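Visitor: Quick one: structure below, then a few questions.
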Amino acid sequence: MPSGDNSFYFNSRTPWNDYGTFIGEELVEITRRMFPLSDKWENTFIAGLSMGGFGALRNGIVYSETFSHVAGLSSAVHIFEDTSEEANIGLFDNIEAAARTDKNPWVAVEEMLSNRRRIPKFYMACGTKDDLMLANVSFRDYLQEKGLDVTWDEENFGHDWDFWDSQIKKVLDWLPLR
């Protein structure tokens, strides 16, 4: 459960904050050296909730050669919806420019597909009372329009631990654990 501070788990403009590289490459490599973990793509997964859900989706796509299954719960995929200066939450020098890069999961999907990289399977879920519901439905629909394998679930919850506790059990059932 690595911390990403408030980075949304991508490399930031400030030094020593390369959270995307850390999650997508370094953490996977070091855990494989420290523990008897599989080095196979089909056995490597990423998941997160809220900001971590954004990070799991985005890094699961950008590092699709690493992760075969990606789960995002109540994912904060809305951060590029408002590119006004007021929306710039300190992560970007220019949020409009960042929205055109693979920091934006929509752009990352396009790059993954055009570069013919491996394509992971996705599990997405959001509470029907969560303010992020519409953004999650929009991203789910986008993935499905691109022909990607997406499992979707929603429950009558908000943006809270009751929802995430119930969902993580479903994610574990969804994963091809052996």
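Visitor: Determine, yes or no, whether Glu81 is surrounded by fewer than 20 Cβ atoms within 10 Å (Cβ to Cβ), modelled with pLDDT under 90 and assigned to a loop (DSSP other than H, G, I, E, B).
Guide: Taking the combined requirement at face value, the residue satisfies it.
Visitor: Test each condition in (1) part of a helix (DSSP H, G or I); (2) modelled with pLDDT of 95 or more for Thr151 and report the one that comes out false.
Guide: Failing condition for Thr151: (1).
Visitor: Same structure, new question: State whether one or more residues within the range 35-45 are in contact (Cβ under 8 Å) with a residue 24 or more places away in the chain and either touching a strand residue (DSSP E or B) at 6+ places or on another chain (Cβ under 6 Å) or of a type in the set (Val, Ile, Thr) (or both). Break it down into steps so the answer makes sense when it comes.
Guide: The first filter runs over the range 35-45 and keeps only residues in contact (Cβ under 8 Å) with a residue 24 or more places away in the chain, leaving 41-45.
Going one step further and asking which of them are either touching a strand residue (DSSP E or B) at 6+ places or on another chain (Cβ under 6 Å) or of a type in the set (Val, Ile, Thr) (or both), we end up with 44-45.
Yes, because at least one residue in the range 35-45 is in contact (Cβ under 8 Å) with a residue 24 or more places away in the chain and either touching a strand residue (DSSP E or B) at 6+ places or on another chain (Cβ under 6 Å) or of a type in the set (Val, Ile, Thr) (or both).
Visitor: Pairs needed: first member in the range 20-34, surrounded by 14 or more Cβ atoms within 10 Å (Cβ to Cβ); second member anywhere, assigned to a helix (DSSP H, G or I) and not basic (Lys, Arg); C-beta distance under 7 Å; at least 6 residues apart or different chains.
Guide: Note: pairs meeting the criteria are Gly20/Asn59; Gly20/Val62; Ile23/Gly55; Ile23/Asn59; Gly24/Asn59; Gly24/Val62.
Visitor: Can you pull out the residues in the range 110-138 that are out of contact with any Phe, Trp or Tyr (no Cβ under 7 Å at 6 or more places or on another chain) and either within 16 Å of Gly20 (Cβ to Cβ) or among the aromatic types (Phe, Trp, Tyr) (or both)?
Guide: Selection gives Glu111, Met112, Arg117, Phe122.
Visitor: Return a yes/no flag: does the range 58-78 have any residue that is out of contact with any Leu (no Cβ under 7 Å at 6 or more places or on another chain), surrounded by fewer than 20 Cβ atoms within 10 Å (Cβ to Cβ), at pLDDT 85 or above and more than 27 Å from Asp173 (Cα to Cα).
Guide: Checking the range 58-78: not a single residue is out of contact with any Leu (no Cβ under 7 Å at 6 or more places or on another chain), surrounded by fewer than 20 Cβ atoms within 10 Å (Cβ to Cβ), at pLDDT 85 or above and more than 27 Å from Asp173 (Cα to Cα).
Visitor: Going through the range 93-138 one residue at a time, which ones are more than 24 Å from Asp165 (Cβ to Cβ), in a loop (DSSP other than H, G, I, E, B) and of a type in the set (Asp, Glu)?
Guide: Asp93, Asp102, listed by residue number.
Visitor: Let me confirm something: among Leu27, Leu57, which residue is assigned to a helix (DSSP H, G or I) and either of a type in the set (Lys, Arg) or in contact with a helix residue (DSSP H, G or I) (Cβ under 6 Å, 6 or more places away or on another chain) (or both)? Outline the logic, then answer.
Guide: Numbers: Leu27 fails: either of a type in the set (Lys, Arg) or in contact with a helix residue (DSSP H, G or I) (Cβ under 6 Å, 6 or more places away or on another chain) (or both).
After applying the criteria, what remains is Leu57.
The values are calculated or read from the model by the stated rules, or taken from the named source; none is laboratory data. Nothing here was measured: the structure is a model prediction, and the numbers come from that model. Quick reminder, even Gly has a Cβ in these numbers, built from the backbone with ideal geometry, and neighbours come from all protein chains shown.
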